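See structure below.
Bear in mind these aren't lab numbers, they're just calculated from the coordinates by the rules spelled out. Note that this is a predicted model, so its numbers are computed, not measured.
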Amino acid sequence: MSQDDHQEVFRSVAQAGREAVCALWRRRGDAASLGAAEKHLVKLLEEHDEYREFWEGTKEADENENPFMHLTFHQLLDQQLEADDPPGTCAALERLVARGLDPHKAKHEIIKVLVFDLHNMMMTQREFDAEAYCKKLDALGSGEPT
Ligand SMILES: [Zn+2]
């Protein structure tokens, strides 16, 4: 597969995700029809009211602003928190919240580290360095308060 093919696949996957998110947003009021994963996603959508136009489908994501990607990272992080895997994920969140950060903002701090490391992994074509990642998590919220 060429680089272009990869991008093509990525775009169509992202598009499918986008349509699913918008469809879910439209029927979020019908709680009885929603599965557990969908309820979780609706909660994430509601926590990101600043992106409402994207959920409603009236604004398109681009390279500069892609709330759908942001959602994906939230979902990934929530899975990691549920399993505390990589280890230290929950402790990092607890430390940040103990510092007075709003839980959503605290998650963003972890997502920043996660995105940076995932990006590095893709750029260098290496495996995810869990050890290095955990060290960075351990450092989150451990230093002097800023
Ligand atoms: Zn967020």
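If the viscosity is 0.890 mPa s and the temperature 25 °C, what Stokes-Einstein diffusion coefficient in µm²/s follows for the chain when Rh is the Kirkwood radius over Cα pairs?
Numbers: Rh = 17.0 Å.
Result for D is 145 µm²/s.
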- Using a Gaussian network for the chain with springs between C-alpha atoms less than 10 Å apart, which of these wobbles most: G17, G88, G29? G29
